[in-house]
Amino acid sequence: QVQLVESGGGLVQAGGSLRLSCVASGGFFNNYVMGWFRQAPGKEREFVANIRWSGGSTYYADSVKGRFTISRDSAKNTVYLQMNSLKPEDTAVYYCAATIGVAWSTASNYNFWGQGTQVTVSS
């Protein structure tokens, strides 16, 4: 059974940085696409970024392009989300997710989810 465990959230001032981590276990991830999503109170879960485990190709939501970077460390089975120039509107619970094959940007296409980590950006 695939398990995803996020960490690294917290409280940061606007303009600051955070790095989220997602440790994956229970699977052979070479064919997987790993994604980060976020959900703010009262809003739907939205796509942030994804990365193809094999090859490392990435895709970003327009709202984070140029500020966030997704990467993976195959030796550690870990996916990262480096978040720079944070804004109050980035405040949300951030979720790590995994799917097989296609690099979807729709949450419903992801089969496995972590428990989420809170990111709060103060103005």
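The values are calculated or read from the model by the stated rules, or taken from the named source; none is laboratory data. The shown structure was predicted, so the numbers you read here are calculated from the model rather than taken from an experiment. Cβ sites come from the backbone with ideal geometry, for glycine too, and all protein chains shown count toward neighbours. Note: areas computed on protein heavy atoms with side chains; ligands, DNA, RNA excluded. Shrake-Rupley method; radii C 1.70, N 1.55, O 1.52, S 1.80 Å.
Condition check: buried (at least 18 other Cβ atoms within 10 Å of the Cβ) and in contact with a Leu (Cβ under 8 Å, 6 or more places away or on another chain). Does VAL79 satisfy that? Write out each step before concluding.
Numbers: buried (at least 18 other Cβ atoms within 10 Å of the Cβ): yes; in contact with a Leu (Cβ under 8 Å, 6 or more places away or on another chain): no.
Against the criterion (buried (at least 18 other Cβ atoms within 10 Å of the Cβ) and in contact with a Leu (Cβ under 8 Å, 6 or more places away or on another chain)), VAL79 does not qualify.
Is it the case that some residue within segment 42-59 is in contact with an Asp or Glu (Cβ under 8 Å, 6 or more places away or on another chain) and free of Cβ contacts under 8 Å to residues at least 60 places away in the same chain? Even if it seems obvious, please write down each step before you answer.
First pass over segment 42-59, keeping only residues in contact with an Asp or Glu (Cβ under 8 Å, 6 or more places away or on another chain): none.
Scanning segment 42-59 turns up no residue that is in contact with an Asp or Glu (Cβ under 8 Å, 6 or more places away or on another chain) and free of Cβ contacts under 8 Å to residues at least 60 places away in the same chain.
Among the residues of segment 1-17, what is the count of those that are open to solvent by 50 Å² or more (accessible area, probe 1.4 Å) and at pLDDT below 95?
The qualifying residues number 1.
I'm trying to understand the selection: among the residues of segment 44-65, which are acidic (Asp, Glu) and surrounded by 12 or more Cβ atoms within 10 Å (Cβ to Cβ)? Quick ask: steps written out before the conclusion?
So in segment 44-65, the residues acidic (Asp, Glu) come out as 44, 46, 62.
Correct list: GLU46 only.
Condition (residue is modelled with pLDDT of 95 or more, part of a loop (DSSP other than H, G, I, E, B) and farther than 17 Å from ALA40 by Cα) applied to segment 92-104: is it met by at least one residue?
The answer is no, given that none of the residues of segment 92-104 is modelled with pLDDT of 95 or more, part of a loop (DSSP other than H, G, I, E, B) and farther than 17 Å from ALA40 by Cα.
Is there any pair linking a residue in segment 95-123 that is open to solvent by 70 Å² or more (accessible area, probe 1.4 Å) and hydrophobic (A, V, I, L, M, F, W, C) to one that is part of a strand (DSSP E or B) and at pLDDT below 95, with Cβ under 7 Å and at least six apart or on different chains, and which?
ILE100/TYR32
Using the structure shown, decide if PHE29 is touching a residue at least 60 places away in the same chain (Cβ under 8 Å) and crowded, with 20+ Cβ neighbours inside 10 Å. Steps first, please.
On the way: touching a residue at least 60 places away in the same chain (Cβ under 8 Å): yes; crowded, with 20+ Cβ neighbours inside 10 Å: no.
No; evaluated as a whole, the condition is false for this residue.
Pairs please, first residue from segment 70-89 and closer than 23 Å to SER122 by Cβ, second anywhere and basic (Lys, Arg) and assigned to a loop (DSSP other than H, G, I, E, B), Cβ atoms under 9 Å, 6+ apart in sequence or on different chains.
MET83/ARG67; ASN84/ARG67; SER85/ARG67; LEU86/ARG67; LYS87/ARG67
Name the single residue that is farthest from ALA24 (Cα to Cα) among those in segment 82-94 being open to solvent by less than 60 Å² (accessible area, probe 1.4 Å) and hydroxyl-bearing (Ser, Thr, Tyr).
Applying the filter and picking the extreme gives THR91.
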